[in-house]
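Asks: One structure, as structure tokens, below. Some questions next.
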Amino acid sequence: MLVTSIGQGLLWAPLVIGVFLTFRILDIPDLTTEGSFPLGAAITISAMLQGQSAVVASLWGCLAGCLAGWVTGVLDTKLKMPSLLAGILTMTGLYSVNMHIMGKANIPLLDQKVLTGYLPANWSAELQTTVVGGVVTAVVLVALVLLFRTRLGLSLMATGNNRAMSAANGIYTDRMVIIGYMVSNGCIALSGALIAQSNGYADIGMGIGTIVIGLASVLVGEIFLHGRRMWIRLAGMVLGAVIYRYLLTLAMGLGFPVDDLKILSAIILVIVICLPLLQNHYRTRQQLHQYLKQIGVDNHATTSSLDRQAPTEGLLSRNDK
């Protein structure tokens, strides 16, 4: 079960990284995710059915995701639409685009050679999935770490941190936002391409709930691995994806039906959001009680006041870049 969770988590890791780029780096809630994920799957499977290799088809899927991100970025920056609305419009439009690409709601692979087919045939399916997911995720991580060491990457982070100040310092913030959208949705579409090859088909509804999966994995990763260095934060996203898939696999092992995976994802997201709030509240109460005990003041009179002033910052609050 653990090996399966690691393999599946690595396939989902590019999606989690893409959600992290918009949600944490740009501080934008991008709902394009639910359209670009099946777009990557649709482009990849369609290209493979037309004779393209799995590698080339996956790259086409990634580029298609970048194009979807560019559309959302233009709606956001040039047409001055709210980022949430821009993502919803692109996501809605991509539903029809994906239907035109596939021709029907579901297209299966026949005897096409997927990425795991390049590995030795005597390897188990779980090991093949882990190796393919690990290699692709490692390439994405290295590329992004190198990107954020360049002037472009630093400008991207500065734009997300303070757009007005970045513009005042000569950074073309609109361009940075568009690039951020493109890189994010390119990673998300690449994950869709990997998942489609793992499942053996592309489906029009496979993007439903992916934003919840991405957010939950981002928050889980930040709980277990958090730091200021970019490579640590990106590695935390990979760890979050693996832990999240393990939790879902564990839930299925306990007897939960597959149809309940979406609600389990929502429950996990609620838990990882509320847990830091409860921890902060408990820690604050303990510190206050210790202080009042030291100065000899009865703390019962301050309990209600503390409850009214409980901290409200949690993992969904925007952290320092």
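The values are calculated or read from the model by the stated rules, or taken from the named source; none is laboratory data. Remember, it's a predicted structure, so these values are computed and weren't measured experimentally. Note that each Cβ is placed from the backbone with ideal geometry, even for glycine, and that neighbours are counted across all protein chains shown.
Asks: Need a quick list: helices (runs of 4 or more DSSP H) entirely within region 75-165 having at least 2 residues that are free of Cβ contacts under 8 Å to residues at least 40 places away in the same chain, hydrophobic (A, V, I, L, M, F, W, C) and in contact with a Gly (Cβ under 9 Å, 6 or more places away or on another chain). Full working, then the answer.
Replies: Numbers: elements: 83-102, 125-147, 151-161.
In region 75-165, 125-147 are the helices (runs of 4 or more DSSP H) which contain 2 or more residues that are free of Cβ contacts under 8 Å to residues at least 40 places away in the same chain, hydrophobic (A, V, I, L, M, F, W, C) and in contact with a Gly (Cβ under 9 Å, 6 or more places away or on another chain).
Asks: Any idea which of 200, 192, 160 is surrounded by fewer than 19 Cβ atoms within 10 Å (Cβ to Cβ) and of a type in the set (Gly, Ala, Ser)?
Replies: On the way: 192 fails: surrounded by fewer than 19 Cβ atoms within 10 Å (Cβ to Cβ); 160 fails: surrounded by fewer than 19 Cβ atoms within 10 Å (Cβ to Cβ).
One residue alone meets the criteria, 200.
Asks: Same structure, new question: Listed residues 306, 269, 316, 234; which is at pLDDT below 80, closer than 20 Å to residue 26 by Cα, surrounded by 14 or more Cβ atoms within 10 Å (Cβ to Cβ) and of a type outside the set (Ser, Thr, Tyr)? It would help to see each step written out before you state the result.
Replies: Numbers: 306 fails: closer than 20 Å to residue 26 by Cα; 269 fails: closer than 20 Å to residue 26 by Cα; 234 fails: at pLDDT below 80.
Among 306, 269, 316, 234, only 316 is at pLDDT below 80, closer than 20 Å to residue 26 by Cα, surrounded by 14 or more Cβ atoms within 10 Å (Cβ to Cβ) and of a type outside the set (Ser, Thr, Tyr).
Asks: Look at residue 14 and say whether it is crowded, with 22+ Cβ neighbours inside 10 Å, out of contact with any Phe, Trp or Tyr (no Cβ under 7 Å at 6 or more places or on another chain) and over 25 Å from residue 156 (Cβ atoms). Steps first, please.
Replies: Details: crowded, with 22+ Cβ neighbours inside 10 Å: yes; out of contact with any Phe, Trp or Tyr (no Cβ under 7 Å at 6 or more places or on another chain): yes; over 25 Å from residue 156 (Cβ atoms): no.
No: the conditions fail for residue 14.
Asks: Working only within region 105-116, note down all residues that are under 23 Å from residue 56 (Cβ atoms) and at pLDDT 90 or above.
Replies: First, pick out the residues of region 105-116 that are under 23 Å from residue 56 (Cβ atoms): 106-116.
Listed by number, the residues that qualify are 106, 107, 108, 109, 113, 114, 115, 116.
Asks: Can you tell me how many residues within region 104-124 are surrounded by fewer than 12 Cβ atoms within 10 Å (Cβ to Cβ), farther than 17 Å from residue 40 by Cβ and not polar (S, T, N, Q)?
Replies: 5
Asks: A follow-up question, please. Of the residues in region 18-51, how many are part of a helix (DSSP H, G or I) and surrounded by fewer than 24 Cβ atoms within 10 Å (Cβ to Cβ)? Spell out the reasoning first.
Replies: The first filter runs over region 18-51 and keeps only residues part of a helix (DSSP H, G or I), leaving 18-25, 33-49.
Imposing the further condition that a residue be surrounded by fewer than 24 Cβ atoms within 10 Å (Cβ to Cβ) reduces the set to 23-25, 46-47, 49.
Residues flagged as part of a helix (DSSP H, G or I) and surrounded by fewer than 24 Cβ atoms within 10 Å (Cβ to Cβ) within region 18-51 amount to 6.
Asks: Test residue 72 against the criterion of being at pLDDT below 95, of a type in the set (Val, Ile, Thr) and either within 23 Å of the chain's Cα centre (by Cα) or more than 18 Å from residue 201 (Cα to Cα) (or both), and give yes or no.
Replies: On the way: at pLDDT below 95: no; of a type in the set (Val, Ile, Thr): yes; either within 23 Å of the chain's Cα centre (by Cα) or more than 18 Å from residue 201 (Cα to Cα) (or both): yes.
Considered against the rule, which asks whether it is at pLDDT below 95, of a type in the set (Val, Ile, Thr) and either within 23 Å of the chain's Cα centre (by Cα) or more than 18 Å from residue 201 (Cα to Cα) (or both), residue 72 comes out as no.
Asks: Separate question: Determine the pairs where a residue that is in contact (Cβ under 8 Å) with a residue 40 or more places away in the chain and part of a strand (DSSP E or B), located within region 194-223, has a partner that is crowded, with 21+ Cβ neighbours inside 10 Å and of a type in the set (S, T, N, Q) with Cβ atoms under 9 Å apart, the partner being 6 or more residues away or on another chain.
Replies: Filtered contacts from region 194-223: 202/44; 202/98.
Asks: Look through 15, 67 and report the one residue that is modelled with pLDDT of 95 or more, under 23 Å from residue 247 (Cβ atoms), in a helix (DSSP H, G or I) and within 19 Å of the chain's Cα centre (by Cα). Outline the logic, then answer.
Replies: Working: 67 fails: under 23 Å from residue 247 (Cβ atoms).
Result of the check over 15, 67: 15.
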